Structures are given as structure tokens and as C-alpha cells.
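The values are calculated or read from the model by the stated rules, or taken from the named source; none is laboratory data. Here the structure is a predicted model, which means the values were calculated and not measured. Cβ: placed from backbone, ideal geometry, glycine included. Neighbour counts: every protein chain shown.
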Amino acid sequence: MCEPTFFEVTYSINPWMDPSRPTSNARGLSQWKTLHDLLVELGHTVDLVEPVAGLPDMVYSANGATVVDGRALVARFRHEQREGESPAYLDWFRVHGWETRQAERVNEGEGDFLYTGDVVLAGTGFRSAPEAHDEIREFFGVPVVALTLVDPRYYHLDTALAVLDDNEVMYHPEAFSPESREVLAERFPDAIVADAEDAAVFGLNAVSDGLHVIVPEQAKRLPGQLRERGFVPVGIDMTELLKGGGGAKCCTLELRPAR
Ligand code: ARG
């Protein structure tokens, strides 16, 4: 995670970001801290990367890299406003002993690449390039399932789909192209389908540890849908950080050590 010390909305690279709307640094920090403390309480180890002044989006650490089996493929951002984040993540991973490389193709890390345990679900349409999918396949040696996003509000895969455990996901079908909807329906016939209202409060930008699922407290139906399947939903308020277009998942990059 990366503390939102320098969080503010000074530019707009997604429909959620409106620089004319004021942000509160204190409120962003307290929401982020609640998420941090919750992860620790649930028994997870949280490592921190040092925030860099002038990089207000660095709080969305999910975009910093994709990490599977001890290897980190560090992001190459689509927008120049975020380019400066890559060196910070490269440094962090190298210093901490991970096998590290920066992506050659536009690749926004776990924003678009979600590991399910046997494949990587790979988003494209707005941010990560389709060519980045081949690079993911080669670097991690795992199959990649390409998914195309079509609604600009859901510009990263992790805003429209969450991996709950090795076999299950929840997603908002309307965020995907008709072909991708078919792929998802076939691969995950029992998936939780989020309605438009829950998707619009970033209900799918959830962090799951396989049991607990941290979801925005504004989501109405998802907590019940999760409970029905044996998950334990834990509500959180991330509305300040949503002004930058991110929620709990965007603020969390999962580190998967070598198996
Ligand atoms: N302002 C950031 C951007 O548009 C938000 C990133 C959200 N992160 C995510 N994993 N979806 O790039």
C-alpha cells in the first residue's frame, strides 16, 4: 500500500476525476488508514511503498505492478501524469528481493491483470494494451484470458470484476463487450453478478482474501450475495479516494511470494 500523503485530484484521466471538486487530504488519509488497519486486523502483512510528492495517484498501488510467484512485472502507465510511479515501484521490488522487470507495453498492473490461481484475467479497452497480455503470459508463464472493457467509468478490470477465490469472481456484465460477457459466463457460471447500482459505488473494487471481502459500505445487494456464498463481507467507506477513481482494491496490491 502507499499512504495518500500527496493525494489530490489535479488532473482528470478517468470520468470520476473532477479537478474542480475539492478533495480532503485528511479524509482520504483516514479512509486509507481504516483499510490498512482492517487488513492488518484480518491477519495480513502490509508492506508500504514511500509516497512521492507530485504523484497524487500513487495511493492506487494496485496499478504499480502484477505480482505472481515471486515475480513482479512493474507497470508502464498510459498517462504521463503517472509515469513517475514506475521507478518508485521498480526500486521497491528490487530492494525487497523480488525478481523484477518493467513492462515493455502499456500495462497498469493489478488494475487490469487479476490472477485467479490458474489464469490471469487481463483487461483492455481503456488502459493496458492488448500486447501487454502476451507479455504477461510470457513473463509469468500462465494462460491469459483477455477481457474487453467498454464503459469508461469502469476503465480498469478491477473496477468491474473482483476475484473472490481461486474459483469464483463477481462482476458487472455491462462493463464488458458482448464477447467478453460470453467468456465470463462460460468460465464462471456461478459468479456473483453485480447490478448497475452496486457497480456505480465501486462495489466490485473489492479486496478478497478468500473469506473476507472488503466492499464499499454503499453497496446494497453485494453483501447479501457474498454471504449467500459463504464469504464474509466487511464494509468500508472509500468515498474520498473514489474522487480519484479508486476504491479499496485500487489501494491494495497483492504480493504473491514464490511458491
Ligand atoms: N486516478 C487513477 C487513474 O485513473 C485511479 C486508479 C485506480 N486504480 C485501479 N486499480 N483501478 O489511473
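State which residue is farthest from C250 (Cα to Cα) when the search covers only region 69-104 and only residues that are within 16 Å of the ligand (Cβ to nearest atom) and free of Cβ contacts under 8 Å to residues at least 12 places away in the same chain. Among them, the one singled out is E80.
From G109, G123, G97, G117, grab the single residue that is crowded, with 22+ Cβ neighbours inside 10 Å and closer than 15 Å to R256 by Cα. Walk me through it before giving the result.
Values: G123 fails: closer than 15 Å to R256 by Cα; G97 fails: crowded, with 22+ Cβ neighbours inside 10 Å; G117 fails: crowded, with 22+ Cβ neighbours inside 10 Å.
Going through G109, G123, G97, G117 in turn, just one is crowded, with 22+ Cβ neighbours inside 10 Å and closer than 15 Å to R256 by Cα: G109.
Is it the case that R259 is surrounded by fewer than 14 Cβ atoms within 10 Å (Cβ to Cβ) and either assigned to a helix (DSSP H, G or I) or within 16 Å of the ligand (Cβ to nearest atom) (or both)?
It is false that R259 is surrounded by fewer than 14 Cβ atoms within 10 Å (Cβ to Cβ) and either assigned to a helix (DSSP H, G or I) or within 16 Å of the ligand (Cβ to nearest atom) (or both).
None of R127, R94, R101, R105 is modelled with pLDDT of 95 or more and under 24 Å from G247 (Cα atoms) except R127.
Taking the listed residues V183, V169, the one that is modelled with pLDDT of 95 or more, more than 14 Å from the chain's Cα centre (by Cα) and of a type in the set (A, V, I, L, M, F, W, C) is V183, with no other qualifying.
Quick check on region 1-31: of everything there that is of a type in the set (A, V, I, L, M, F, W, C), under 24 Å from R127 (Cα atoms) and away from the ligand (no atom under 11 Å from the Cβ), which residue is farthest from the chain's Cα centre (by Cα)?
Per the criteria, the residue is F6.
Tell me which residues, restricted to region 32-48, are away from the ligand (no atom under 14 Å from the Cβ) and either assigned to a helix (DSSP H, G or I) or closer than 19 Å to M238 by Cβ (or both). Lay out the reasoning, then the answer.
Looking only at region 32-48, we keep the residues that are away from the ligand (no atom under 14 Å from the Cβ), and these are 33-34, 36-48.
Correct list: K33, T34, H36, D37, L38, L39, V40, E41, L42, H44, V46, L48.
Of the set (1) closer than 16 Å to G123 by Cβ; (2) in contact (Cβ under 8 Å) with a residue 40 or more places away in the chain; (3) assigned to a strand (DSSP E or B), all apply to T148 but (2). Here region 186-200 is the region considered, the condition is being exposed (fewer than 14 other Cβ atoms within 10 Å of the Cβ) and of a type outside the set (D, E, K, R), and the residue that is nearest to K220 (Cα to Cα) is A196. Quick check on L241: is it at pLDDT 95 or above, buried (at least 22 other Cβ atoms within 10 Å of the Cβ) and among the hydrophobic types (A, V, I, L, M, F, W, C)? In short, yes.
Only a single criterion out of (1) more than 29 Å from A258 (Cβ to Cβ); (2) within 14 Å of the ligand (Cβ to nearest atom) is not satisfied by V183, namely (2). When G235 is tested against the conditions (1) out of contact with any helix residue (DSSP H, G or I) (no Cβ under 6 Å at 6 or more places or on another chain); (2) farther than 25 Å from R21 by Cβ, the lone failure is (2). Across region 105-137, which residue is farthest from E83 (Cα to Cα) among those that are among the aliphatic types (A, V, I, L, M) and either more than 14 Å from the ligand (Cβ to nearest atom) or in a strand (DSSP E or B) (or both)? That would be V119. Once region 204-246 is narrowed to residues that are without any contact (Cβ under 8 Å) to a residue 60 or more places away in the chain and within 16 Å of Y155 (Cβ to Cβ), the residue that is nearest to the ligand (Cβ to nearest atom) is N205.
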